[in-house]
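The values are calculated or read from the model by the stated rules, or taken from the named source; none is laboratory data. Predicted, not measured: the structure shown is a model, and the values here were computed from it. Heads up, the Cβs are rebuilt from the backbone with ideal geometry, glycines too, and the neighbour counts pull from every protein chain shown. Calculation scope for accessible area: heavy atoms of the full protein, side chains included, ligands and nucleic acids excluded. Shrake-Rupley method; radii C 1.70, N 1.55, O 1.52, S 1.80 Å.
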Amino acid sequence: MLTKFSPIRLLGIAFAFLQRFQQRRIRTFSLLFAVGLSLTLALSACSPSASNNSATPQTSQAPSPAASGTTVHIGYQKASTVLYALKARGELEKAFAASGSSVTWSEFPAGPPLLEALNAGSIDFGYTGESPPIFAQAGGIPLVYVAYDPWSPKAEAILVPKDSPIKSVAELKGKKVAFAKGSNANYLLVKALEKAGVQYSDIQRVSLTPADARAVFEGKKVDAWAIWDPYLAAAEAATGARTLADATGLAPNRGYYLAAKSFVDGKPDALKIVLDQVKQVSNWAKNNPSEVAKFLSPALGIDAPVLEIAEKRREYDVLPLTDEVISKQQEVADTFYKIKLIPKEIKIKEIVWQGKVNK
């Protein structure tokens, strides 16, 4: 016997089903980003000075009429040098003002929540390290790689206390190593162990945020710490920690400028204006490490001389993704899948912008 349902009851059943489906999807994204962890990663970046001086980048390009009336939503982290500086100076607002367009800014503590906001439609554009977009893509978030920042393989390393008997990565077998799970330093650790002939499963893995890891490292509750700048520089200065290995020849340690697919497809002229302004500030940061360090010191609570050390061993630029860069990022994704940090294989090249970044 068939049961008859009123139209209203049928709508109620359908709505309940959609609610349950959406809740499961949100939980999936949250789990992936929780695994990705804190990736304050672009944490080696420091920012240009907010004070006016002749070295600071100036706006030189009028916005395209096609961008008229646009509101661009930017996500940033304090340690993401270029975007933090761009916000402080108001240069992007100036670039859009002539067309009646505007900019809003949202601050995030790390890459994963920034990309969750991109998924929710709260932001259009942001910057993270190499790991958060991998977790985001695995979670089905519609994002696009639009440019990359070369950063530096010298800006992350595996440290041991200055009086540690450990002299090589191979000697980490069976030892406790702290790192942020799913971070660029996690990838460095995997590749360094692999080169030394040690299985990832052969170490005692201690997943901690940079602040917590610093405490246990100084307390000698772990044997080693895989970390990035400026925390790397701060630990070296405060404790005299020794480097077992940095990322040279092991990991690319790049940062990425990312955008919502809807923004890339629907507002390409606005995207180009954003990238042009980002490029100008990036060029400033590249040539003014001392000013960058002074600018970011109050925000991060790290002394400017320490930040200057980090600045002098990192690189800045805003570059298009080449086949080589895509291939290296694919290696990071494949490694995370291999060690079961992401649930499925992904293809980086499927979400790379085909537009041009001005050089």
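For segment 298-338, filtering for residues that are more than 17 Å from the chain's Cα centre (by Cα), under 16 Å from S152 (Cβ atoms) and not in a helix (DSSP H, G or I) leaves 1. Being on the phi < 0 side of the Ramachandran plot, in a helix (DSSP H, G or I) and in contact (Cβ under 8 Å) with a residue 24 or more places away in the chain is true of V190. Report yes if E291 is assigned to a helix (DSSP H, G or I) and acidic (D, E), otherwise no. In short, yes. Take the conditions (1) under 22 Å from the mean Cα position of the chain (by Cα); (2) crowded, with 18+ Cβ neighbours inside 10 Å; (3) not β-branched (V, I, T); N283 misses just one of them, which is (2). When every residue of segment 176-185 is checked against the conditions, at least one turns out to be farther than 22 Å from I342 by Cβ and open to solvent by 40 Å² or more (accessible area, probe 1.4 Å). I'd like to check something: does segment 291-300 contain any residue that is of a type in the set (G, A, S) and either in contact with a Ser or Thr (Cβ under 6 Å, 6 or more places away or on another chain) or open to solvent by 40 Å² or more (accessible area, probe 1.4 Å) (or both)? Scanning segment 291-300 turns up no residue that is of a type in the set (G, A, S) and either in contact with a Ser or Thr (Cβ under 6 Å, 6 or more places away or on another chain) or open to solvent by 40 Å² or more (accessible area, probe 1.4 Å) (or both). Applying the set (1) part of a helix (DSSP H, G or I); (2) within 21 Å of the chain's Cα centre (by Cα) to A215 leaves exactly one unmet item: (2). Tallying residues that are aromatic (F, W, Y) and within 16 Å of the chain's Cα centre (by Cα) within segment 218-234 yields 2. Does P252 meet the test of being touching a helix residue (DSSP H, G or I) at 6+ places or on another chain (Cβ under 9 Å) and more than 23 Å from K328 (Cβ to Cβ)? So P252 does not fit the description; no.
In this structure, I74 does not satisfy being hydrophobic (A, V, I, L, M, F, W, C), over 23 Å from A285 (Cβ atoms), at pLDDT 95 or above and open to solvent by less than 20 Å² (accessible area, probe 1.4 Å). Please work out if P320 is open to solvent by 30 Å² or more (accessible area, probe 1.4 Å) and in contact with a strand residue (DSSP E or B) (Cβ under 7 Å, 6 or more places away or on another chain). It is true that P320 is open to solvent by 30 Å² or more (accessible area, probe 1.4 Å) and in contact with a strand residue (DSSP E or B) (Cβ under 7 Å, 6 or more places away or on another chain). Residue-level check: of (1) assigned to a helix (DSSP H, G or I); (2) touching a residue at least 60 places away in the same chain (Cβ under 8 Å); (3) touching a strand residue (DSSP E or B) at 6+ places or on another chain (Cβ under 9 Å), I74 misses just (1). Annotation: of all residues in segment 127-160 being polar (S, T, N, Q) and open to solvent by less than 10 Å² (accessible area, probe 1.4 Å), the one that is farthest from the chain's Cα centre (by Cα) is S152.
Taken together, the residues in segment 211-231 that are closer than 19 Å to P109 by Cβ and open to solvent by less than 10 Å² (accessible area, probe 1.4 Å) amount to 5. Across segment 323-339, the qualifying residues are those that are among the aliphatic types (A, V, I, L, M) and out of contact with any strand residue (DSSP E or B) (no Cβ under 7 Å at 6 or more places or on another chain), and the one among them that is nearest to N184 (Cα to Cα) is V332. Out of all the residues in segment 256-297, which are of a type in the set (G, A, S) and over 11 Å from A147 (Cβ atoms)? Passing the criteria: A260, S262, G266, A270, A285, S290, A293, S297. If only residues of segment 334-355 that are aliphatic (A, V, I, L, M) and farther than 28 Å from D265 by Cα are counted, the one that is least open to solvent (accessible area, probe 1.4 Å) is L341. Residues of segment 110-125 that are surrounded by fewer than 22 Cβ atoms within 10 Å (Cβ to Cβ) and either at positive phi or among the β-branched types (V, I, T) (or both): G121 alone. Restricting attention to segment 86-126, which residues are assigned to a strand (DSSP E or B), within 22 Å of the chain's Cα centre (by Cα) and modelled with pLDDT under 95? Residue satisfying the conditions is E107 alone.
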